[in-house]
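Asker: The structure under discussion is supplied below as structure tokens; questions concerning it will follow.
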Amino acid sequence: MKKTTTKALLSGLAIVATAALLAGCGSAPTTETTSGSASDVVDGFKPCLVSDAGGWDDKSFNESAKNGMDKAAKELGVTPLEFESTNDNDYAPNMQTAISEGCTLVIAVGFKLAAATVEAANANPDLDFAIIDDYADTDFDGKTDAPNIKPLVFNTAEAAYLGGYAAAAWSAKDGVNKVGTFGGMQIPSVAVFMDGYAMGVEKYNEDKGANVQLFGWNVDTQEGSFTGGFDANDTAKQTAQGVLDQGVDVILPVGGPIYKSAAAAIADSGKNTLMLGVDSDLAVADDSVADITLVSIMKAIDVAVYDATVAASKGEFDPTPYVGTLKNEGVKLSSFHDFESQLPEGLTDELTKLQDDIIAGTITVTSKNSPAGS
């Protein structure tokens with residue numbers, strides 16, 4: 001199991017960005033979305049997408065971004081160019097290829113593409129760029145590093161709070177009272193899931209007088225279990241196993257394909273451990289793990305990409321950061337699917353009340369890893 005601590009540059013991005021960007025960040029969008037039409041497309045519009053190393057079939061953020069791009073392109077009657085990165089060395093070349101191929105909107109999927117996006121945006125001020133899960137603030141001064149980059153970020157802590165509460169309720173029902181989590185890289189867009197999850201477990205304990213323990217993450221120290229990447233490999237499986245060895249009966253893997261490693265570790269254990277999905281509704285995206293997926297903590301990456309693409313196609317690109325929240329349905333909890341009938345009595349009503357209170361501001365769910373403007 002690899003243990004790391006959140007330090008200055010990576011997780012500090014969200015802390016530094018919050019103060020500076022909050023004043024300049026517009027209100028989070030409403031749930032209304034724009035609609036694509038071929039008749040509105042500006043001449044020469046060509047949308048492009050560059051993936052993170054997880055690939056287009058990660059059942060998570062890359063695939064969700066691709067779905068949003070494909071939907072917009074189909075409605076607009078244009079053919080997008082989509083560049084799949086297989087490792088970190090592909091980011092800059094893929095970005096440059098997109099530009100050389102005539103892309104007028106380039107959307108980068110993830111924090112790790114920030115440097116390549118900033119370099120390309122500054123070198124091509126007449127082109128439009130967007131980046132998912134990051135503010136493209138590579139010099140950490142609290143500002144996006146180019147005026148033609150639109151950040152697409154999400155206060156996932158809000159939905160993860162609901163997921164943590166649900167996980168704690170499930171574990172308490174079984175009498176185990178232990179839940180866990182582990183992540184890929186320790187970056188704000190991963191740690192924000194873990195923060196919200198931990199706070200949701202704490203809320204359950206407060207409300208019920210329970211003592212559900214959390215393994216794999218400590219909000220106060222920002223220390224936890226990480227694989228060091230987003231690949232479903234032996235390291236990820238061993239990291240998952242390290243958390244499972246603590247006796248947890250619910251685990252949250254945060255980092256795209258690493259859920260596959262968690263599923264493999266669960267299968268090897270022979271226990272009835274369940275997991276939570278992230279980004280997409282995992283039980284739907286990958287039905288091979290539907291029988292062990294309690295619920296998913298979702299981000300509407302597809303909607304954000306779709307809206308940004310349609311706006312750019314009309315010549316209405318706006319670099320103001322998009323911040324997904326429970327209120328604008330940028331983040332949410334999925335259905336419990338087949339587990340609905342097995343939930344503790346009253347849990348769905350409790351989750352609805354918690355969500356309503358978060359939206360109303362009665363409960364504030366945020367962390368040092370939450371994006372500015374949330």
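Asker: Per 0.36 nm of contour for each residue apart, how much would the distance between Thr364 and Asp318 grow if the chain were fully extended, relative to their Cα-Cα spacing?
Answerer: Stretched out fully, the Thr364 to Asp318 stretch lengthens by 13.8 nm.
Asker: Something else: Tell me, what % of the accessible area of the chain is carbon and sulfur with a 1.4 angstrom probe?
Answerer: Looking at the chain in its full context, I get 47 percent from C and S.
Asker: In deg cm²/dmol and to the nearest 500, what is the mean residue ellipticity at 222 nm of the chain if only DSSP H runs of at least 4 residues count, each as -39500 (n - 2.57), divided by the residue total?
Answerer: Only helices count here, giving -12000 deg cm²/dmol.
Asker: Rounded, prolate or oblate: pick one for the stretch 95-139, where a ≥ b ≥ c are the square roots of the eigenvalues of its C-alpha gyration tensor, a/c under 1.5 means rounded, and failing that, prolate if a/b is larger than b/c, else oblate.
Answerer: prolate
Asker: Still on this structure, please answer the following. Skipping prolines and chain starts, which residues have an amide H placed within reach, meaning under 5 Å, of the one on Gln213, given they are 5 or more residues away or on another chain?
Answerer: Lys178, Val179
Asker: If amide H atoms are built 1.01 Å from N in the plane of the peptide, which residues on other chains or at least 5 residues away come under 5 Å of the amide H of Leu49?
Answerer: Those lying under 5 Å, H to H, from Leu49 are Leu81, Glu82, Phe83, Ile107.
Asker: Given axes a ≥ b ≥ c from the Cα gyration tensor, I'd like to know whether the stretch 55-139 is rounded (a/c under 1.5), prolate (a/b larger than b/c) or oblate.
Answerer: It comes out oblate by the Cα gyration axes.
Asker: Shifting gears a bit: For Gly110, what is the net charge nearby, where nearby means another residue's Cβ is under 10 Å from its Cβ and Lys, Arg count +1, Asp, Glu -1?
Answerer: -2
Asker: Moving to a separate point now. Sort 122-131, 270-279 for me by packing, meaning the mean count of neighbouring Cβ atoms within 10 Å per residue, highest on top.
Answerer: Highest-to-lowest ranking by the protection proxy: 270-279, 122-131.
Asker: What pairs from Lys173/Lys260; Lys66/Lys112; Lys59/Lys112; Lys237/Lys271; Lys66/Lys368 go past 21 Å between their alpha carbons?
Answerer: Exceeds cut-off: Lys173/Lys260; Lys66/Lys368.
Asker: For the pair Lys143/Asp174, report the inter-label distance in nm, with labels modelled 7 Å from Cα in the Cβ direction.
Answerer: 5.1
Asker: Taking the Cα centre of each part, how many Å lie between the stretch 271-336 and the stretch 55-131?
Answerer: If we compute the Cα centre of each part, the gap is 18 Å.
Asker: Is the C-alpha gyration tensor of the chain telling us rounded, prolate or oblate? Criteria: a/c under 1.5 is rounded; beyond that, a/b larger than b/c is prolate, otherwise oblate.
Answerer: prolate
Asker: May I ask you to give the solvent-accessible area per residue for the chain, in square angstrom, as obtained with a 1.4 angstrom probe?
Answerer: 39
Asker: Here's a follow-up. For Thr293, enumerate residues with amide H under 5 Å from its amide H, sequence gap 5+ or separate chain, H modeled in the peptide plane.
Answerer: Met275
Asker: Distance between the C-alpha centers of the stretch 176-225 and the stretch 246-265? Whole Å please.
Answerer: When both Cα centres are located, 14 Å separates them.
Asker: Taking 0.36 nm per residue of separation and subtracting the Cα-Cα distance, what length does fully extending Glu223 through Asp126 add?
Answerer: Working it through step by step, the gained length comes to 30.7 nm.
The values are calculated or read from the model by the stated rules, or taken from the named source; none is laboratory data. Values in this document were obtained by computation on a predicted structure and should not be read as measured data. For neighbour counting, all protein chains shown are included, and Cβ atoms are generated from backbone atoms with ideal geometry for every residue, glycine included. Remember, those area values only see protein heavy atoms, side chains included, never the ligands or the DNA or RNA. Shrake-Rupley method; radii C 1.70, N 1.55, O 1.52, S 1.80 Å.
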